[in-house]
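The values are calculated or read from the model by the stated rules, or taken from the named source; none is laboratory data. A quick note: this is a predicted structure, and the numbers were derived from the prediction, not measured. Please note: Cβ atoms are built from the backbone with ideal geometry, for glycine as well, and neighbour counts cover all protein chains shown.
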Amino acid sequence: MHEHRDRFEVALMCEILNVSRQGYYAWRRRRDRGPSPREVRRAELTAKIRVAHEQSRRTYGSPRVTVELKAAGERTCVNTVAKYMRAERIRVTPRRRFVPRTTDPDHPHPIAANVLDRSFAAAAPDRKWAADVTYVPTTCGPAPRPRSRGRAGWGRPGGRGPRRSSARGTCGPRTTGCPGPA
């Protein structure tokens, strides 16, 4: 309508397009004036909400994002943050539970021989050993840590019990600076 107002009367175009004249002129005033202070504030706050949400790796909902914004000196409330997050479709990405995948029959590594063949009774002590794999939570994801009931270099010098060891270099329990997957 705005582009054709020189060729046709505004009243005629409004009648044909089923738009009120007041609505057309109100739209024109808003367009010429630019964004209102409320729209500017909403755009700024939405940008800050996006940044806080991304910094949390998309794990913070509106209550935590509000705390982050208030810590940065922003004046807002949980309801406003929730409303803006809903409007912009900013949602929490739930973290998936870790389920260890221990039985992959198609791996390229050689399969160890089954020397016990389910015969667990031993003729004498220290003849048969059993082991387990436990997953240790680390900063770069769960890492397998072999555990056994002794032997194979898992004890500390002086015999004061097993020491913690990590199969992934510096990536131990709750450490930072992980070099990534080995």
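K70 satisfies every condition listed in (1) within 20 Å of R42 (Cβ to Cβ); (2) loosely packed, with under 12 Cβ neighbours inside 10 Å except (2). Consider the stretch 86-128 and keep the residues that are surrounded by fewer than 10 Cβ atoms within 10 Å (Cβ to Cβ), of a type in the set (D, E, K, R) and within 36 Å of the chain's Cα centre (by Cα). The one that is nearest to V51 (Cα to Cα) is R89. Among residues that are basic (K, R), at pLDDT below 95, within 44 Å of the chain's Cα centre (by Cα) and on the phi > 0 side of the Ramachandran plot, R28 is not included. Here S56 meets the list (1) surrounded by 13 or more Cβ atoms within 10 Å (Cβ to Cβ); (2) more than 15 Å from the chain's Cα centre (by Cα) almost entirely, failing just condition (2). When you look at S62, is it in contact with a Lys or Arg (Cβ under 9 Å, 6 or more places away or on another chain) and surrounded by 11 or more Cβ atoms within 10 Å (Cβ to Cβ), yes or no? Against the criterion (in contact with a Lys or Arg (Cβ under 9 Å, 6 or more places away or on another chain) and surrounded by 11 or more Cβ atoms within 10 Å (Cβ to Cβ)), S62 qualifies. As a summary of the residue check, R97 satisfies the conditions (1) closer than 30 Å to P137 by Cα; (2) outside any loop (DSSP other than H, G, I, E, B) except for the one numbered (2).
Selection within the stretch 73-85: residues that are hydrophobic (A, V, I, L, M, F, W, C) and without any contact (Cβ under 8 Å) to a residue 24 or more places away in the chain. The member of this set that is surrounded by the fewest Cβ atoms within 10 Å (Cβ to Cβ) is C77. So, E68, is that one of a type in the set (D, E, K, R), touching a helix residue (DSSP H, G or I) at 6+ places or on another chain (Cβ under 7 Å) and closer than 26 Å to R96 by Cα or not? Spelling it out, E68 is indeed of a type in the set (D, E, K, R), touching a helix residue (DSSP H, G or I) at 6+ places or on another chain (Cβ under 7 Å) and closer than 26 Å to R96 by Cα.
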